[in-house]
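Everything below concerns the one structure shown next.
The values are calculated or read from the model by the stated rules, or taken from the named source; none is laboratory data. Quick caveat: nothing in here was measured; it's all calculated off a predicted structure. Because the Cβ atoms are built from the backbone with ideal geometry, glycine has one as well, and the counts that use them run over all protein chains shown. Side chains are part of the model used for accessible areas, which takes the heavy atoms of the whole protein and leaves out ligands, DNA and RNA. Shrake-Rupley method; radii C 1.70, N 1.55, O 1.52, S 1.80 Å.
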Amino acid sequence: MIIDQYDKNKVEEKDLLKITVICYARVSTDEQAERYSLSSQIDNMTDFCKRKFGVSEDEILVVAESGKSGDDPNRPALNWLLDLMEKGIGRHLVTLHPNRLSRDSYLQSQIFHRVWVLGGQVHFVEIDFDPDNPESMLLMTVQGSIAQYNKSKILEDSKRGKRQMVKAGKVPGIRKVFGYTFDKEKDILIENKEEKKIYLLMVNCVLNDMSVSKIGRYLAKSGIPAPYGNVWYHSSIQRILKSEIYTGKFNFFKTSTIQSQGIKKIVENPENEWLSVSIPKYIDEQVWQEVQRKLSKKSKPNSTEKMYSLLRGLVKCGRCGGAAIIKRYSKNTKSEQRTLIGYYTCCNSGKKNYVVGSGYIHKKCKGRSWRVDEIDKLIWELVQNILNYPEEYTKQIDIPNLIDLDKKIDDFVIQIQEKQKKVDELLDAYVSSQIMTLTELDNRLNNSESVIQALKISLNDFRVKRDRYKLINQQIVIVLEDIRVHLDQNDTDINLKRTAIEKIVKSITLQEKSIEVDLNNLIGYELNIKKVFVDLYVKPTIANNVEDIINMYEIEFFTMQQICERTGLSKVKIRDILIKNSIHIRSKTEVWELKRKKDFPIIEDLYLNKGFSLKRIYNEYGYSPDYVKAVLKLKS
């Protein structure tokens, strides 16, 4: 049975019960050598299994995985196959060559150990391997080290070649750079006249005090083509304007990739290790610096960094998969101060992207936002529950119950004892009464011994599993206890809480009515960890609370649009509510005049009497600098 590209949904449970041999095929790129193509791997492994184990195709499970590096410890197909072996499906893992499992000797040894602990065996088509033979084990270790050395050597040679190209003034193969065209024959970047005009137009707009958002709208309405697709994205414009390459210098080797135990990390290199290539210059250094100053001046103060958030960097949107960023809104209170309220908002739901031609706002993701304090509270309660009750974590791991394993072990012991008792009875019967011939006795004893031997093998397998799962449980308890002890030192420290969450929680996906929580693997074993689902209590909108709507309009002086955002009601519905309660419908200008008059005493006290800066007022009270200036004009 061949499962191409790892789709376990194609496999039925009844078919898995027949499997005795599991084969794994992998290629990392489409340009692999012919002997490592998926089809050739599958054919060679299937023939090998039929010859060596005498099995039919119904007893062989072959899973092919492409586009996955052997250095990646989290390959879905490989992990699934190992999980199947943990469940007793398949006793043999077959692959073409050890480097199909991994080129990293550390990861190779981890996979071998995991299969052996389960009572299974590892086999290779191209190499004779005997784990009980010291010379064979030594040869395997040496081959793994050589494969790892060869890969490191290839990467080093490739990096050296790129450095030589850069030193020679050439550009190694790169993705598209806006404003330039890559000359494949000469390996250089040449001027793209049309895109250069667009870039200089953007620079000119910034120097004339246009914001990035206004530049995007202007380019879209003017029908100027965007770098990718037909939408001018705020992030793309900002990235282009902040890039230093347009000063004529393209820097390379700013980062390096390091690998530890199969996990890759990107680290920044010191500036003296950078190399640069000269490319066509569009603006000089002074103009570029002025553009950066203007952009920095236009950006809002980063007050969100001061907001209470336990989950920064862990949260993503369940609608589109984009990162959930924190946006803050202010709320008036009776104490005449503003309370800042944070919301997790999808990064793709912004209004700063514009469609080329029409200039209409392009929203990639539409839907609700989530209160930061409410989400943080739910996740923190989940983490506390896991710390206090480790079984809440272990029940998310796809492993058998230890009590069930103990019962199965006891059943095997009883069956073996019963079979052994029957053997003893046969011997006694033969000695005492000679009721059967010696040949008949031998046949019956051989049958019984075969059954006993099979039962002992199964008994040993289950004991190995039980011991492994007991060790897993013990290690999980130790790790969680260590986290809890550190947290108990100061359970009110936000940084300690955030550290505890980051150790336990891998990622958080916010859905409309629930939260999906991916838990981290707390120990070194490969574990299949299920998601945790937390019901998200959605507070009912205040659609039926007429008093709150009137207060927002009459006391807080919210605009119709602001009330719509808070209640989820349409403007027509809100207008009807206000008219039915004899409330005068104001124009937007009237609303803002009333609002400024209401806020004037607070802002006057903060700015003129207490000497607060515009930035501090914005950070602590939510009044933007432009709004403060507009309010203070009332004094004159």
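Somewhere in the stretch 15-36, is a residue of a type in the set (Asp, Glu), more than 28 Å from Lys265 (Cβ to Cβ), surrounded by fewer than 16 Cβ atoms within 10 Å (Cβ to Cβ) and modelled with pLDDT of 85 or more?
No, because not a single residue in the stretch 15-36 is of a type in the set (Asp, Glu), more than 28 Å from Lys265 (Cβ to Cβ), surrounded by fewer than 16 Cβ atoms within 10 Å (Cβ to Cβ) and modelled with pLDDT of 85 or more.
Test Tyr537 against the stated conditions and say whether it is touching a helix residue (DSSP H, G or I) at 6+ places or on another chain (Cβ under 7 Å) and either at pLDDT 80 or above or outside any helix (DSSP H, G or I) (or both).
In short, no.
Starting from residues that are farther than 13 Å from Tyr389 by Cα and under 26 Å from the mean Cα position of the chain (by Cα), keep the ones in the stretch 458-478 and report whichever is least open to solvent (accessible area, probe 1.4 Å).
Ile472
Considering the stretch 374-429 alone, what residues qualify as being closer than 17 Å to Arg468 by Cα, without any contact (Cβ under 8 Å) to a residue 24 or more places away in the chain and acidic (Asp, Glu)?
Within the stretch 374-429, Glu391, Asp404 qualify.
Residues being out of contact with any Pro (no Cβ under 9 Å at 6 or more places or on another chain), open to solvent by 70 Å² or more (accessible area, probe 1.4 Å) and not in a helix (DSSP H, G or I): count how many of those fall in the stretch 148-180.
Looking only at that region, the number is 4.
Filter the stretch 585-636 for residues that are open to solvent by 50 Å² or more (accessible area, probe 1.4 Å), among the hydrophobic types (A, V, I, L, M, F, W, C) and closer than 30 Å to Ile574 by Cβ; which is modelled with the highest pLDDT?
Looking at the filtered set, the residue picked out is Leu594.
Here are some conditions: (1) touching a residue at least 12 places away in the same chain (Cβ under 8 Å); (2) touching a helix residue (DSSP H, G or I) at 6+ places or on another chain (Cβ under 9 Å); (3) open to solvent by 80 Å² or more (accessible area, probe 1.4 Å). Arg217 meets all but one. Which one does it not meet?
If we test Arg217 against (1) touching a residue at least 12 places away in the same chain (Cβ under 8 Å); (2) touching a helix residue (DSSP H, G or I) at 6+ places or on another chain (Cβ under 9 Å); (3) open to solvent by 80 Å² or more (accessible area, probe 1.4 Å), just (2) comes out false.
Out of curiosity, is Glu481 loosely packed, with under 13 Cβ neighbours inside 10 Å, under 30 Å from Pro390 (Cβ atoms), modelled with pLDDT of 80 or more and among the acidic types (Asp, Glu)?
When the stated conditions are applied, Glu481 passes them.
Listed here are the residues, each with its yes/no results for (1) under 13 Å from Arg26 (Cα atoms); (2) of a type outside the set (A, V, I, L, M, F, W, C); (3) touching a Ser or Thr at 6+ places or on another chain (Cβ under 8 Å).
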{"site": "Gly67", "(1), (2), (3)": "yes, yes, yes"}
{"site": "Ala77", "(1), (2), (3)": "yes, no, no"}
{"site": "Gly120", "(1), (2), (3)": "no, yes, no"}
{"site": "Leu155", "(1), (2), (3)": "no, no, no"}
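Which residue, of Lys352, Lys363, Lys297, is modelled with pLDDT under 80, part of a helix (DSSP H, G or I) and more than 22 Å from the chain's Cα centre (by Cα)?
Sole residue among the options that is modelled with pLDDT under 80, part of a helix (DSSP H, G or I) and more than 22 Å from the chain's Cα centre (by Cα): Lys297.
For the stretch 84-118, what are the residues that are open to solvent by 20 Å² or more (accessible area, probe 1.4 Å) and not hydrophobic (A, V, I, L, M, F, W, C)?
Scanning the stretch 84-118 gives Lys87, Gly88, Arg91, His92, His97, Arg103, Ser105, Tyr106, Ser109, Gln110, His113.
Go through the residues of the stretch 181-193 one by one and say whether even a single one is in contact with a helix residue (DSSP H, G or I) (Cβ under 7 Å, 6 or more places away or on another chain) and open to solvent by less than 50 Å² (accessible area, probe 1.4 Å).
yes
When Gly161 is evaluated against the numbered criteria (1) within 23 Å of Val277 (Cα to Cα); (2) in contact (Cβ under 8 Å) with a residue 60 or more places away in the chain; (3) not aliphatic (A, V, I, L, M), which criterion, by number, is the only one it fails?
For Gly161, the exception is condition (2).
Can you tell me which of (1) at pLDDT below 85; (2) within 30 Å of Ser69 (Cα to Cα); (3) out of contact with any Ser or Thr (no Cβ under 8 Å at 6 or more places or on another chain) is the one Phe182 doesn't meet?
The single condition Phe182 does not satisfy is (1).
Filter the stretch 552-584 down to residues that are exposed (fewer than 12 other Cβ atoms within 10 Å of the Cβ), at pLDDT 80 or above and outside any helix (DSSP H, G or I), then give me how many there are.
Here the count works out to 2.
Can you name the residue in the stretch 115-147 that is modelled with pLDDT under 80, part of a helix (DSSP H, G or I) and closer than 28 Å to Ile472 by Cβ and is also farthest from the chain's Cα centre (by Cα) among such residues?
This residue is Met137.
Among (1) open to solvent by 40 Å² or more (accessible area, probe 1.4 Å); (2) farther than 24 Å from Gly313 by Cβ; (3) hydrophobic (A, V, I, L, M, F, W, C); (4) modelled with pLDDT of 80 or more, there is one condition Ile416 misses while meeting the rest; what is its number?
It is condition (1) that Ile416 fails.
What number of residues within the stretch 53-89 satisfy the criterion of being of a type in the set (Gly, Ala, Ser), at pLDDT 85 or above and touching a helix residue (DSSP H, G or I) at 6+ places or on another chain (Cβ under 7 Å)?
0
Keeping to the stretch 47-57, report how many residues are open to solvent by 100 Å² or more (accessible area, probe 1.4 Å) and under 12 Å from Thr20 (Cβ atoms).
2
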